Amino acid sequence: MLVIRKILKCVKWLVVFFFTSTILSVILYRFVPVFATPLMVIRCVQQVANGDKLTWHHSWTSLEHMSPHLPIAVMASEDQRFLTHHGFDVEAIKKAIEYNETHEKKRGASTISQQTAKNVFLWPGRSWLRKGLEAYFTFLIELFWSKERIMEVYLNSIEMGPGIYGAEAVAEQHFNKSAAVLTREDCALIAATLPKPLEYSSKTPSAYMLKRQRQILRQMKNIPRFP
């Protein structure tokens, strides 16, 4: 019985530590820039393991110093109901489930909030544990952050090419300009790469990428202006 009580006590303190540390980290990142993410570190380790040149382009910039077209473009491409849902797009999830029942190639329904939670706090993967933690962190950032903050962190942390993370880095590396002066067309092209940023390039776009750019430009007309 004594051993059981000790185990239960340890479990209790582990649970307390988990919830306290995760909630405090989410609150901290509401105010502090995210200079590194688990994915950035993982990519560096992969580069070293493969004998490649270590590449890490990342420069934090505030949302107000990015092109106003960029949030619109990524919403049009990735999450058109970002401003109205609370982290999970139920309608998109239902459609993805129905689609996946009849198609071999699976479709996801991750929102920008979910992708932000995954990028900042977790590791890549498809396990039930990681998906559960993703849902947990998505709930927390929707609770403690504004939509503006979620978008700002998303646009600063997302992978946008090999060794390229965030709006400022991709603007400098692929367009030779700052994120503040990206054009509407530039932003649509960047958004078109987001599903597979290591396969698609906004620097040397393929015919498919240019087609996606035109589709996103049309969809941007239906997205409300970001606050």
Order ILE27, ILE216, most accessible first, counting only protein heavy atoms with a 1.4 angstrom probe. ILE27, ILE216
Count neighbours as other Cβ atoms within 10 Å of each site's Cβ, and list the trypsin sites (Lys or Arg not before Pro) in segment 150-227 that are DSSP loop with at most 14 such neighbours. LYS177, LYS203, LYS221, ARG225
Using the Kirkwood radius built from alpha carbon pairs, what does the Stokes-Einstein equation give as D for segment 156-227 at 20 °C and 1.002 mPa s, in µm² per second? 174
What's the center-to-center distance, using Cα atoms, between segment 37-86 and segment 145-205 in Å? 6
May I ask you to rank THR61, THR183 by accessible area, largest first, using a 1.4 Å probe over the protein chains only? THR183, THR61
In Å², nearest 10: area of VAL45 left accessible to a 1.4 Å probe: 90
PRO227 neighbourhood, Cβ < 10 Å, K/R = +1, D/E = -1, net charge +1
Explain nothing, just the number: dipole magnitude of segment 98-227 about its Cα centre with +1 on each Lys and Arg Cβ and -1 on each Asp and Glu Cβ, in debye rounded to the nearest 20. 360
Mind checking the per residue accessible area of segment 100-227 for me, 1.4 Å probe, whole number of Å²? 49
For segment 131-182, the Debye formula with one identical point scatterer on each Cα and no solvent gives log10 I(q)/I(0) at q = 0.13, 0.14, 0.25, 0.30 Å⁻¹ as -0.41, -0.47, -0.90, -1.05
What's the carbon and sulfur percent of the chain's accessible surface, probe 1.4 angstrom, rounded to a whole number? 61
Interchain or long-range residues, amide H under 5 Å from ILE164's placed H: HIS57
Just read off the accessible area of LYS9 with the full protein assembly in place, 1.4 Å probe, to the nearest 10 Å². 130
Compute, for GLU159, the solvent-accessible surface of its heavy atoms (probe 1.4 Å) with the complete set of protein chains present, and express it in square angstrom to the nearest 10. 20
Can you give the local net charge around ARG81? Use residues other than it whose beta-carbon is closer than 10 angstrom to its beta-carbon, Lys and Arg +1, Asp and Glu -1. -3
Calculated Rg and Dmax of the Cα atoms in Å (choose from [x] 19.1, 68; [y] 16.8, 54; [z] 18.2, 57), label: [x]
Testing the spin-label approximation: label points 7 Å from Cα along Cα→Cβ at THR55 and LYS9. State their distance in nm. 5.4
Note down the magnitude of the dipole of the chain about its Cα centre, charges +1 on Lys and Arg C-beta and -1 on Asp and Glu C-beta and zero elsewhere, to the nearest 20 debye. 560
Where labels lie 7 Å past Cα in the beta-carbon direction, separation of ARG225 and LYS94 in nm: 3.3
Provide SER25, SER113 ordered by accessible surface of protein heavy atoms (probe 1.4 Å), highest first. SER25, SER113
Only Lys, Arg, Asp and Glu count, each charged at its Cβ (+1, +1, -1, -1), so figure out the dipole size of segment 155-217 about its Cα centre, rounded to 20 debye. 280
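The values are calculated or read from the model by the stated rules, or taken from the named source; none is laboratory data. Just so you know, these numbers come straight off a predicted model, no measurement behind them. FYI the Cβ positions are ideal-geometry reconstructions off the backbone, even for glycines, and counts take in every protein chain you see. The accessibility values were calculated without ligands, DNA or RNA, using every heavy atom of the protein model including side chains. Shrake-Rupley method; radii C 1.70, N 1.55, O 1.52, S 1.80 Å.
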